[in-house]
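Coordinate-derived values only; no laboratory data. Please read all numbers here as calculations on a predicted model, not as lab measurements. Cβ coordinates were reconstructed from backbone atoms using ideal geometry, including for glycine residues, and neighbour counts include every protein chain displayed.
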Amino acid sequence: MEIQINSQPVDFEIEHEQSVPDIMESVSKWARQRNLIFTEAMIDDAVYTIETVPDVPLGDVTTINCIVQSSADIVLSTIQEAVDYIKRVNDFIQESLTADQADMEKLPYLAQGTVWLSDVVDKAGSLLDMDVHAIRYRDSMAGSYFETLDSFSSSLMGISDEKAALDLLRENAELFSSLSEIFKIMLISDNMKTLILQSIESPDVIIAAIADIRDKLPLQLKNIEETAIAYQTGKDNEGADKIQGFIDFIYQYLRSCHQVEPLFGVSLADVVVDDESMEDKNTAINDLLNEIINVLEANDIISLADILEYEMMPVMESLDRYCEALLGRLGNI
């Protein structure tokens with residue numbers, strides 16, 4: 001019988017009389033010691049939550065693949081899923097209002113989805129150790145938008161008249177775009193950066209991530225340019241989609257950088273290109289991220305486009321050279 005962690009074989013001491021739940025407890029302890037979260041188990045290709053694994057002897061099992069994630073990965077994937085769902089909700093609302101016709105059969109599913117969104121807010125806030133209701137967005141706190149979401153959800157559950165449904169969708173047409181921006185603020189917050197610091201990967205994963213960042217930089221620079229153009233030309237929805245790709249890229253980059261010193265003992269202050277250290281480069285990026293948070297909170301789209309095009313792009317243009325220099329240092333350890 002083979003035990004795997006994220007599809008990679010690992011050695012766990014196994015006693016003949018142990019059962020599957022015994023292994024679950026051992027893996028859970030292993031994950032907690034590494035600040036990881038044990039999310040599910042695949043037992044001979046059948047997927048179970050930790051609470052629902054069958055109580056069977058290990059002799060009846062061929063393979064147990066235990067899926068573990070860092071808290072940062074869970075927050076990232078959950079918020080990304082929420083942002084993707086919000087885009088579908090926006091599309092549904094706009095199509096309904098354009099046609100002046102609501103698909104009443106879909107409204108109960110929309111109501112369930114909005115309840116799930118509220119749950120995402122609470123769980124992500126808990127993992128981030130962050131009062132997400134206190135995030136400043138535009139001229140108020142994010143909590144007021146979450147309250148509106150709960151009210152919208154409650155109203156949807158009891159609605160049966162199409163005209164009333166259209167009126168409700170019209171009244172809340174801007175709500176979901178605002179929620180999407182609030183989720184993005186959460187992703188680039190200091191709390192997210194702190195959570196990233198606590199999520200240590202293996203050395204080979206970090207080296208592969210840095211090489212991937214180096215290789216994908218040209219594509220990402222093009223994406224930043226297109227994001228700025230989209231915002232400058234009034235295509236806010238397109239800009240919002242593209243900026244998510246930028247946030248994902250920066251997340252991967254900062255996470256990798258934060259883990260270099262604890263894993264390899266290499267200081268980013270010693271990785272220098274054109275008389276500027278990688279540490280100073282990352283400080284400049286972090287300063288710009290803070291500026292982006294401020295303009296997102298204020299919904300200042302023009303300033304956001306300017307920061308991306310005229311400040312963030314020039315700072316990031318040489319990141320491939322820094323990644324190459326860092327990889328050279330790591331290869332000489």
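Couplings 3J(HN,Hα) for the range 204-217, derived from phi with the Karplus relation 6.51 cos²θ - 1.76 cosθ + 1.60 (θ = phi - 60°), are 5, 5, 5, 4, 5, 5, 5, 5, 5, 4, 4, 6, 8, 4 Hz, where x marks Gly and Pro. Computed on the range 1-112, with alpha-carbon pairs under 8 angstrom and 6+ residues apart, the relative contact order is 29 percent.
The range 1-69 and the range 220-292 have Cα centres separated by 37 Å. Helical content of the chain, expressed as a calculated mean residue ellipticity at 222 nm, amounts to -21500 deg cm²/dmol (DSSP H runs of 4 or more residues, -39,500 (n - 2.57) each, divided by residue number, nearest 500). The range 131-179 and the range 82-97 have Cα centres lying 13 Å from one another.
As a calculated quantity, the FRET efficiency between LEU219 and ILE37 at R0 = 30 Å, using C-beta atoms, amounts to about 0.45.
Per-residue Karplus couplings for the range 146-162, computed as 6.51 cos²θ - 1.76 cosθ + 1.60 with θ equal to phi - 60°, are listed in order as 5, 5, 5, 4, 5, 5, 4, 4, 4, 5, 4, 5, x, 8, 9, 9, 5 Hz, Gly and Pro entered as x. Each of ASP212 and ASP248 was given a label point 7 Å from its Cα along the Cα-to-Cβ line. The distance between the two points is 1.0 nm.
Can you tally the net charge around ALA325? Count Lys and Arg as +1, Asp and Glu as -1, for every other residue whose Cβ sits under 12 Å from the Cβ of ALA325.
Working: positive: ARG214, LYS281, ARG321, ARG329; negative: ASP270, ASP274, GLU276, ASP320, GLU324.
So the surrounding residues net to -1.
Go through (1) 48; (2) 42; (3) 53 and flag the label whose value is the computed percent of Cα pairs over 28 Å apart for this structure. Matching the structure shown: (3).
Applying Stokes-Einstein at 20 °C and 1.002 mPa s to the Kirkwood radius of the range 250-320, computed over alpha-carbon pairs, gives a translational diffusion coefficient of 162 µm² s⁻¹. Note on ILE229/ASP287: beta-carbon distance plugged into 1/(1 + (r/R0)^6) with R0 of 25 Å gives a FRET efficiency of 0.60. Label the range 23-95 by shape, choosing from rounded, prolate and oblate, from the square roots a ≥ b ≥ c of the eigenvalues of the Cα gyration tensor; if a/c is under 1.5 it is rounded, and otherwise prolate applies when a/b is larger than b/c, oblate when it is not. Since a/c reaches 1.5 but b/c is at least a/b, the shape of the range 23-95 is classed as oblate. For ASP236, put the label point 7 Å out on the Cα→Cβ axis and report which residues of the range 99-142 keep their amide N under 15 Å from it. Residues 137-140 qualify, since their backbone N sits under 15 Å from the label point.
Averaging the sequence gap over all C-alpha pairs within less than 8 Å and six or more residues apart, then dividing by the number of residues, gives the chain a relative contact order of 15 percent. Across the range 48-62, computed HN-Hα scalar couplings (Karplus, 6.51 cos²θ - 1.76 cosθ + 1.60, θ = phi - 60°) run 9, 6, 4, 7, 10, 5, x, 8, 10, x, 5, x, 8, 10, 8 Hz from first to last residue, x flagging Gly and Pro. Were the residues from ARG88 through SER318 laid out at 0.36 nm apart, the gain over their Cα-Cα distance would be 79.2 nm.
If R0 equals 51 Å, the separation of the Cβ atoms of VAL10 and LYS106 corresponds to a calculated FRET efficiency of about 0.70.
Straight Cα distances below 30 angstrom link LYS29 to the lysines LYS123, LYS193, with same-chain residues fewer than 8 positions distant left out.
What is the sum of charges, Lys and Arg at +1 and Asp and Glu at -1, for the other residues whose Cβ falls under 11 Å from the Cβ of GLU162?
Values: positive: LYS163; negative: ASP100, ASP103, ASP161, ASP167.
Local charge sum for GLU162: -3.
Scanning residues 5 or more positions from ILE5 or on other chains, those with amide H under 5 Å from its amide H are VAL10, CYS66, with H placed 1.01 Å from N in the peptide plane.
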